[in-house]
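The values are calculated or read from the model by the stated rules, or taken from the named source; none is laboratory data. Values in this document were obtained by computation on a predicted structure and should not be read as measured data. Cβ placement follows ideal geometry from the backbone for every residue including glycine, while neighbour counts extend to all protein chains displayed.
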Ligand SMILES: *Cc1c(COP(=O)(O)O)cnc(C)c1O
């Protein structure tokens, strides 16, 4: 884990990098938020993020996030970005302010049921495997209309947009293609449903420039802020 001073320097460098990507793409930097990803790091990472002024952090495991949330500033919001097993859906609804990784109609229905039980209006993103990567979670592009319909049928869910993880590749064009396909998928679903679906969560430390160029509204950034993770996750 980095010190706060090192984290602050990294956060400032990241802001400059995002600003440059926005300038290159002709976009307003205010239209892209950074979601610090604190997975595998101690709860202190979330405290650093809050102290710097970030409003939310991303985690990919439910129990890990629940434990850290208890130790972090109460004002910080928590977002789930990792695959959710159905047996953890209830705790996920209790723990997170937004779930970015809704990837099946069954999961959407389950989350909607627990959100209703817990009296919550839960914002969600639909995770799409827009890079057709067998190693990645996410709904297939062809199945996204059915996933959206299931999520919209749950009155306790608020569908705000889509999320994707690009395939790992040394070729930046591979990520760019996955991001363009996510935006096109959003445009198709928006036209079909009449909803704006404004959020496009795409781009991480290694591929944020193509993500900004393709229209990302949320960059999920771990290693560029906190350094290498102690264990792979
Ligand atoms: C870990 C993770 C990130 C952050 O990755 P970095 O390369 O460390 O920026 C973003 N999105 C998801 C879904 C992740 O699991």
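One residue stands out in segment 71-80 among those that are in contact (Cβ under 8 Å) with a residue 24 or more places away in the chain and over 16 Å from residue 40 (Cα atoms): the one that is nearest to the chain's Cα centre (by Cα), namely 76.
Filtering segment 14-29 down to residues that are without any contact (Cβ under 8 Å) to a residue 40 or more places away in the chain and assigned to a helix (DSSP H, G or I), which residue is farthest from residue 204 (Cα to Cα)? Filtering first and then ranking leaves 23. Looking for whichever is within 16 Å of the ligand (Cβ to nearest atom) and more than 24 Å from residue 150 (Cβ to Cβ) here; the options are 40, 47. Which one fits? Sole residue among the options that is within 16 Å of the ligand (Cβ to nearest atom) and more than 24 Å from residue 150 (Cβ to Cβ): 40. Can you find a residue that is away from the ligand (no atom under 14 Å from the Cβ), on the phi < 0 side of the Ramachandran plot, modelled with pLDDT of 95 or more and in contact with a helix residue (DSSP H, G or I) (Cβ under 6 Å, 6 or more places away or on another chain) anywhere in segment 186-195? Yes, segment 186-195 contains a residue that is away from the ligand (no atom under 14 Å from the Cβ), on the phi < 0 side of the Ramachandran plot, modelled with pLDDT of 95 or more and in contact with a helix residue (DSSP H, G or I) (Cβ under 6 Å, 6 or more places away or on another chain).
If we scan segment 166-174, do we find a residue that is at negative phi, more than 16 Å from the ligand (Cβ to nearest atom) and buried (at least 16 other Cβ atoms within 10 Å of the Cβ)? Within segment 166-174, not a single residue is at negative phi, more than 16 Å from the ligand (Cβ to nearest atom) and buried (at least 16 other Cβ atoms within 10 Å of the Cβ).
For segment 213-228, which positions are modelled with pLDDT of 95 or more and within 14 Å of the ligand (Cβ to nearest atom)? Selection gives 216, 218, 219, 220, 221, 222, 223, 224, 225, 226. Taking segment 90-102 as the range and being surrounded by fewer than 22 Cβ atoms within 10 Å (Cβ to Cβ) and either touching a helix residue (DSSP H, G or I) at 6+ places or on another chain (Cβ under 7 Å) or more than 18 Å from residue 72 (Cβ to Cβ) (or both) as the test, the residues that pass are 90, 91, 95. Considering only segment 64-76, state which residues are within 16 Å of the ligand (Cβ to nearest atom) and surrounded by fewer than 20 Cβ atoms within 10 Å (Cβ to Cβ). Answer for segment 64-76, where residues must be within 16 Å of the ligand (Cβ to nearest atom) and surrounded by fewer than 20 Cβ atoms within 10 Å (Cβ to Cβ): just 64. I'd like to verify a number: residues in segment 158-174 that are more than 16 Å from the chain's Cα centre (by Cα) and in a strand (DSSP E or B), how many? Of the residues in segment 158-174, 0 are more than 16 Å from the chain's Cα centre (by Cα) and in a strand (DSSP E or B).
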